[in-house]
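Worksheet: one structure, shown below.
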Amino acid sequence: MMKLRFLCANHRSDLEHNVSRAIKFWQTGFDTGQFYTDRLQWADAIPHLGCAFEAAEILLTQNSVDTEVSCQWLTASALLLATSFNGTNYTAEAEDVIWMAINRLEQQLSQDPSQAVWVGRHLSQLYEQLKVCIVLNDPNAKEPHAQINASDRIGQLH
């Protein structure tokens, strides 16, 4: 289960029981979050990306859409959400999001090891972002590090 929550219980339940609404909810949240992150409006992006992240996790858990697509959506949402948290100096939350996505994908991999190739690709992206989060969280870091724009890494999803 996720530590950070963006969806209330009613919306979560609704998305768990309505696949088409969950897919549209993910797409709208992700696109809106992307719009704000492209403009460096991190605080405006966070609630939309958080909802997209949770919707992707619901879709993956419910096995509602193609598993590879669900993993891609979860990864993309996590990367962009972490970037937005880092942009607002909420680096611990950024790291938490990445860890939640890593744990969820590792759980998926343990359930079906045949998915190793493409789940591994997503995990690799997440571990790279985790390194950035750890450096940003390190008060002993010698120099400021440039933030990674997650949209450059994941490309267009639609």
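The values are calculated or read from the model by the stated rules, or taken from the named source; none is laboratory data. A quick note: this is a predicted structure, and the numbers were derived from the prediction, not measured. Heads up, the Cβs are rebuilt from the backbone with ideal geometry, glycines too, and the neighbour counts pull from every protein chain shown. Just the protein is used for accessible areas: all its heavy atoms, side chains included, with ligands, DNA and RNA removed. Shrake-Rupley method; radii C 1.70, N 1.55, O 1.52, S 1.80 Å.
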>> Within the stretch 78-86, does at least one residue satisfy the condition of being open to solvent by less than 50 Å² (accessible area, probe 1.4 Å), over 16 Å from the mean Cα position of the chain (by Cα) and polar (S, T, N, Q)?
In response: no
> Does Val65 fit the bill of being open to solvent by 10 Å² or more (accessible area, probe 1.4 Å) and outside any helix (DSSP H, G or I)?
Replying inline: yes
> If you take the residues of the stretch 4-58 that are at pLDDT below 95, in contact with a helix residue (DSSP H, G or I) (Cβ under 8 Å, 6 or more places away or on another chain) and not in a helix (DSSP H, G or I), which of them is most open to solvent (accessible area, probe 1.4 Å)?
Replying inline: Arg5
>> Considering only residues that are modelled with pLDDT of 55 or more, open to solvent by 60 Å² or more (accessible area, probe 1.4 Å) and over 14 Å from the mean Cα position of the chain (by Cα), which ones fall in the stretch 119-151?
In response: Arg121, Lys131, Ile134, Asp138, Pro139, Asn140
>> Which count do you get for residues in the stretch 90-127 that are within 17 Å of Leu79 (Cβ to Cβ) and not in a helix (DSSP H, G or I)?
In response: 1
